Each structure stands twice: as structure tokens, then as C-alpha cells.
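*Asks:* This is the structure I have questions about; it appears just below.
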Amino acid sequence: SDTADQVSGGSSANTFAGIAISSYTVDATKGNWQYSTDGGSNWTSLGSETTSAALTLNASDLLRFVPAANYNGSATALSAHLIESGQTITSGATLDLTVAGTTGGISHISSGTVALSETITAVNDAPIASGSATLAAINEDAAAPSGATVSSLFVGNFSDTADQVSGGSSANTFAG
């Protein structure tokens with residue numbers, strides 16, 4: 001919002017022009033935030049961003065989170081300062097927001113930040129089957145061997161570790 005600049009018979013409010021990502025720490029175990037400056041044809045992963053080296057993006061650039069394989073839960077959060085029209089923005093460049101007067105006051109960059117989050121929803125991954133199973137030996141001509149439960153034969157060959165994510169989904173159990 002730029003309502004402070006909207007004065008009847010005076011100045012006009014500026015429009016939203018872009019962001020300066022000022023807080024983000026890469027955590028590849030969760031995935032990576034990426035941005036595109038060409039409509040999604042090419043993507044660049046964010047590095048760790050700080051207030052002294054904030055990454056700038058125009059309002060028309062794209063931003064996405066790409067989760068690591070089998071990860072689900074909360075993405076690594078990032079925070080961005082908002083930039084209004086009147087400030088030149090070079091997409092993918094860095095800006096030092098720690099310099100006095102760069103944010104707030106009469107600048108074109110907000111002093112506050114907006115936190116951006118993403119939730120990666122779990123999907124079921126098929127279980128892994130491995131090894132072999134063998135029924136107990138029986139005598140020749142046995143008319144009614146006792147057999148064994150399916151569980152006792154196959155539970156040792158079952159794994160669902162791809163669904164076990166710390167802070168996310170839980171592995172399923174053998175059902176049959």
C-alpha cells in the first residue's frame with residue numbers, strides 16, 4: 001500500500017514494481033527457491049540472500065519453489081522488501097539494504113518485509129518390494145499343510161521409507 005503518497009490535489013500513490021529478497025537461507029534437503037526473468041523458459045536458483053546483498057526482482061518475474069525428491073512439509077521461508085515504481089530494478093541484481101536511507105522514509109523500498117512460505121503436500125509413494133519369501137518345507141503327499149499368514153511371509157520384504165519424511169508424512173504399514 002502506498003496510501004501515504006495519495007494526497008487529493010497533491011501527489012499520487014506509486015505502484016508495485018518488484019521485490020528485494022533480503023532473508024533466505026538455502027536448505028537443499030527441502031528444495032530450492034528459483035526465479036525466472038524470461039517467462040519461465042529459464043530458471044535460476046536463489047543463493048542465500050541477506051539485507052546486505054538482497055536479490056531484486058521485477059513485478060513481472062516468476063518465483064517458485066522446487067521441492068527435493070520425496071520432501072513434503074514447509075518450504076524454507078524467505079522474506080522480501082517491497083519496491084514501488086520510481087526505483088530502477090535490475091532483475092537478478094543485488095542491492096545493499098543496510099545503507100542508511102535505502103529503505104523506509106522517502107525511499108522507494110519498504111522498511112518492513114513480507115514473509116513468503118510454501119507448503120509441499122505429501123503424495124503416496126509406492127512401497128518397495130525386495131528379496132524372496134519361502135513357505136516352510138512340507139512332507140510329500142501332505143493333504144492339508146498348515147500354510148502361513150501372508151504377513152509372516154512378506155512383511156520382511158516390505159519397505160515404505162520414501163513416505164517417511166521428518167516433519168512431514170509417515171510411512172505406511174504392510175497391509176497385504
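The values are calculated or read from the model by the stated rules, or taken from the named source; none is laboratory data. As the structure is a computational prediction, the values presented were derived from the model and not from experiment. Positions of Cβ are backbone-derived with ideal geometry, glycine not excepted, and every protein chain shown enters the neighbour counts. We work out accessible area using only protein heavy atoms, side chains counted, and drop any ligands, DNA or RNA first. Shrake-Rupley method; radii C 1.70, N 1.55, O 1.52, S 1.80 Å.
*Asks:* Could I have the simple spin-label model distance between ALA171 and ALA129, label points 7 Å from Cα toward Cβ, reported in nm to one decimal?
*Replies:* With each label placed 7 Å out from Cα toward Cβ, I get 1.8 nm.
*Asks:* For every helix of n ≥ 4 consecutive DSSP H residues, a contribution of -39,500 (n - 2.57) applies; sum these over the chain, divide by its total residues, and give [θ] at 222 nm rounded to the nearest 500 deg cm²/dmol.
*Replies:* -500 deg cm²/dmol
*Asks:* Now, a different point. Assuming R0 = 45 Å, can you tell me the calculated FRET efficiency for the pair SER45 and THR3, based on Cβ-Cβ distance, to the nearest 0.05?
*Replies:* After rounding to 0.05, the efficiency reads 0.80.
*Asks:* Rolling a 1.4 Å sphere over the protein heavy atoms, what is the accessible area per residue of the chain, to the nearest Å²?
*Replies:* Ligands and nucleic acids excluded, the result is 61 Å² per residue.
*Asks:* Oh, and also: Please list TYR35, TYR24 from largest to smallest accessible area, probe radius 1.4 Å, with all protein chains kept in place.
*Replies:* Putting TYR35, TYR24 in descending order of accessible area: TYR35, TYR24.
*Asks:* Same structure, new question: I want to verify the translational diffusion coefficient of the stretch 30-89 in µm²/s; compute it with Stokes-Einstein, Rh as the Kirkwood radius over Cα pairs, at 10 °C and 1.306 mPa s.
*Replies:* Working: Rh = 13.0 Å.
For these conditions, the coefficient is 122 µm²/s.
*Asks:* Also: Could you look at the chain and say what percent of its accessible area is carbon and sulfur, using a 1.4 Å probe and all protein chains? Walk me through the numbers before you get to the answer.
*Replies:* Values: 5580 of 10740 Å².
With neighbouring chains kept in place, the figure for the chain is 52 percent.
*Asks:* Also, I was wondering about something else. Once R0 is set to 25 Å, what does the formula 1/(1 + (r/R0)^6) return for the Cβ-Cβ distance between ALA100 and SER74, expressed as a FRET efficiency to the nearest 0.05?
*Replies:* Step by step, r from the Cβ atoms, then E = 0.15.
*Asks:* So how much slack lies between SER107 and VAL150, counting 0.36 nm per residue of separation and subtracting their Cα-Cα distance, in nm?
*Replies:* The SER107-VAL150 span can extend by a further 8.4 nm.
*Asks:* Please state the relative contact order of the chain as a whole percent: Cα pairs under 8 Å, 6+ residues apart? Kindly include the intermediate steps, with their values, before the conclusion.
*Replies:* Numbers: 328 pairs, mean separation 35.9, N = 176.
Worked out over the chain, it gives 20 percent.
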